[in-house]
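In what follows, a structure is listed as structure tokens, so that the remarks can point back to it.
Readers should treat all values here as calculations from the given coordinates under stated rules, not as data from a laboratory. What you see is a predicted model, and the numbers here were worked out from it, not measured in a lab. Cβ atoms come from the backbone with ideal geometry, glycine included; neighbour counts cover every protein chain shown.
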Amino acid sequence: MRKLKVAVVGATGVAGQQFLASLSGHPYFEITTLAASPRSAGKTFTQAITSEAGACQWFCAEPLAAEFARMKVLDAAQFDPTTVDLVFAAVESDAARELEPRFARATPVISTASAYRYEEDVPIFIPGVNQSHAELLAVQRKNRDWRGFITPVPNCTTMGMAMTLKPLQAAFGIRQVLMTSLQACSGAGRSPGVVALDIIDNVIPYIPKEEEKVQRETQKILGQIVENRIEPAAFPVSATCTRVPVLEGHTEVVYVSLERPVAIEEVKSAWRQFGADFLALGLPSAPAHLIEVTEDPFRPQPRRDRDAGGGMVTTVGRVRTDPALVNGIKYVLVSHNTKMGAAKGAILVAEYLAQSGHI
Ligand SMILES: NC(=O)c1ccc[n+]([C@@H]2O[C@H](COP(=O)([O-])OP(=O)(O)OC[C@H]3O[C@@H](n4cnc5c(N)ncnc54)[C@H](OP(=O)(O)O)[C@@H]3O)[C@@H](O)[C@H]2O)c1
């Protein structure tokens, strides 16, 4: 298959840079356009990520590929989407609301932003969890008379939780979910990002709009398609989202009330077996397992577990019964927020949609 030409919009940001790190040498996709705000337009990528004082603000652990370093960055508002086969968009929600429909009129858009996540004809994909929601893409194209479509990935905090809830929902049924997150600083991006003086030696107990997103998205992702729309899962989800002085990797403490009593070994087994059909597709960015269960009582930890499977694995540990909930279990998870939770998760969606003929 010929490589698809892709644009990364918001390429200079934290999530955008992860697209570059993950797409260098990709077997399906070739970056032909980088775009960002007017601030970066006309500069080379290296110039655009270099501060006035001369500091290069390349965020990723992987080196910046020379082929991207010298590419010119376009103004996203001026970029012609007909020049590419696919757009990866990683801009803040207000900019996404304006830009993404303009791109989608011509070309499929896979987005990390929340702007369109809650619209009736827009699925929120998690690879391996809800591929059946791809049906909505044809509905969206028809409703909006677009050649392309918009499909956002979930909020980075929703990602790990929905991934671990799906096998529980399928095997045991879910009555209710409670979750407290300890979220990494990179999740706030660079503009404005998290100020060091606020977060060092501290925990911030509020992330604006985050809890509502996690609650609503989890129900939508785990919902069913009924008459061209998603009927959200009926169980309530209650979240408290906090920011902690960790660079990458969101930790989440999850309590689930199940529909029936279950042995902890059954829960672990459901997680270990999860996603086999999806993984059998052999997509380039897919890890060997979607969920890893650790028996070490001191894991998962963001520093030690976020990079499991190249940042694509959700690691679960401290799995116990919970005496306070009906048929309760509780666990701790770690999920990489800028990899599976943003760029690499979006690339895995693109690989699936390309292989299944949607792009
Ligand atoms: N960071 C994460 O872990 C994470 C995870 C999941 C989802 N997300 C979502 O991904 C999106 C980007 O987040 P981020 O963390 O990468 O933010 P960021 O580091 O602040 O980067 C923002 C990017 O958007 C560009 N931009 C800003 N205004 C623009 C405009 N009017 N037109 C075109 N481009 C514009 C910026 O370009 P300039 O450099 O030119 O200003 C930059 O490339 C957000 O919607 C966020 O919620 C982030």
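Computed from Cα atoms, the angle from the helix 14-23 axis to the main principal axis of the chain rounds to 80 degrees. For the pair ASP75 and LEU197 in one chain, pulling the backbone fully straight at 0.36 nm per residue adds 40.7 nm over the alpha carbon distance. Evaluating 6.51 cos²θ - 1.76 cosθ + 1.60 at θ = phi - 60° for every residue in segment 184-200, the Karplus couplings come out as 6, 5, 4, x, 8, x, 9, 10, x, x, 9, 7, 4, 5, 7, 9, 5 Hz, glycine and proline recorded as x.
Quick one: of LYS5/LYS142; LYS3/LYS220; LYS166/LYS220; LYS5/LYS72, which pairs are farther than 22 Å apart, Cα to Cα? Intermediate values should be presented prior to the final figure.
Details: LYS5/LYS142 24 Å; LYS3/LYS220 32 Å; LYS166/LYS220 12 Å; LYS5/LYS72 16 Å.
Those over the limit are LYS5/LYS142; LYS3/LYS220.
Sites listed here are GluC sites (Glu not before Pro) in segment 266-328 whose DSSP assignment is loop and whose Cβ has at most 10 other Cβ atoms within 10 Å: GLU295.
As a proxy for reagent exposure, LEU182, LEU23 were ordered by neighbouring Cβ count within 10 angstrom, fewest first; the result is LEU182, LEU23.
Are there any GluC sites (Glu not before Pro) in segment 30-80 that are in a DSSP loop and have at most 16 other Cβ atoms within 10 Å? List them by number. Spell out each step's value before the answer.
Values: sites: GLU30, GLU52, GLU67; in loops: GLU52.
In loop regions of segment 30-80 (DSSP not H, G, I, E or B), the sparsely surrounded GluC sites (Glu not before Pro) are GLU52.
Our coupling estimate for segment 219-225, obtained by passing each phi through the Karplus curve with A = 6.51, B = -1.76, C = 1.60 and θ = phi - 60°, is 5, 5, 4, 8, x, 10, 7 Hz, Gly and Pro reported as x.
Taking every alpha-carbon pair within the chain, the share separated by more than 36 Å comes to 17 percent. Would you look at the GNM of the chain, springs on alpha carbons closer than 10 Å, and say which of THR107, THR151, THR82 moves the most? Maximum fluctuation in the GNM of the chain, among the listed residues, is at THR82. Farthest toward the positive end of the dipole of the chain, out of ALA113, LEU168, VAL203, is the Cα of ALA113, where the dipole comes from beta carbon charges about the Cα centre. For VAL293, the residues whose modelled amide H falls within less than 5 Å of its own, excluding neighbours fewer than 5 places apart on the same chain, are VAL316.
Axis angle, to the nearest 10 degrees, between helix 93-104 and the longest C-alpha principal axis of the chain: 70 degrees. Could you list the residues of segment 48-92 with an amide nitrogen less than 18 Å from a label point located 7 Å from the Cα of GLU119 in the Cα-to-C-beta direction? Of the residues in segment 48-92, 77, 81-82, 86-92 have backbone N under 18 Å from the label point off GLU119. Quarter the surface of the alpha carbon convex hull of segment 156-335 and you get the mean projected area, 11.5 square nanometres.
Taking 0.36 nm per residue of separation and subtracting the Cα-Cα distance, full extension of the segment from THR240 to ARG320 would add 26.8 nm.
Dipole of the chain, Cα-centred, from +1 at each Lys and Arg C-beta and -1 at each Asp and Glu C-beta, to the nearest 20 debye?
Working: 36 positive and 37 negative charges, 66 e Å.
With Lys and Arg at +1 and Asp and Glu at -1, about 320 debye.
The ranking of CYS241, CYS185, CYS156 by Cβ neighbour count inside 10 Å, starting from the fewest, reads CYS185, CYS241, CYS156. Can you give the longest run of the chain that contains no chymotrypsin sites (Phe, Trp or Tyr not before Pro) sitting in a DSSP loop with at most 12 other Cβ atoms inside 10 Å? After excluding every exposed loop site, the longest remaining stretch is 1-205. Pick from GLY42, GLY148, GLY13: which residue has the top mean-square fluctuation in a GNM of the chain where Cα pairs under 10 Å get a spring? Maximum fluctuation in the GNM of the chain, among the listed residues, is at GLY42.
Quote the relative contact order of the chain in percent (integer), defining contacts as alpha-carbon pairs under 8 Å separated by 6+ residues. Show your work: numbers first, answer last.
Numbers: 798 pairs, mean separation 59.2, N = 359.
Relative contact order of the chain: 16 percent.
Where the centre of each part is set by its Cα atoms, how far does segment 209-244 sit from segment 302-359, in angstrom? Taking the Cα centre of segment 302-359 as reference, the centre of segment 209-244 is 16 Å away. Each label point is 7 Å from the Cα along the Cα-to-Cβ direction; what then is the distance between the points at LYS3 and ALA106, in nm? Distance between the two pseudo-spin positions: 2.1 nm. Among MET312, MET71, MET161, the largest mean-square fluctuation in a Gaussian network model of the chain, built with springs joining Cα atoms closer than 10 Å, belongs to MET71. Taking 7 Å steps out from each Cα toward its Cβ at GLN355 and THR83 produces label points 3.1 nm apart. Taking other C-beta atoms within 10 angstrom as a stand-in for reagent exposure, GLU120, GLU248 fall in the order GLU120, GLU248, fewest first. When only Cα pairs below 8 angstrom with a gap of at least 6 residues are kept, segment 1-148 shows a relative contact order of 22 percent.
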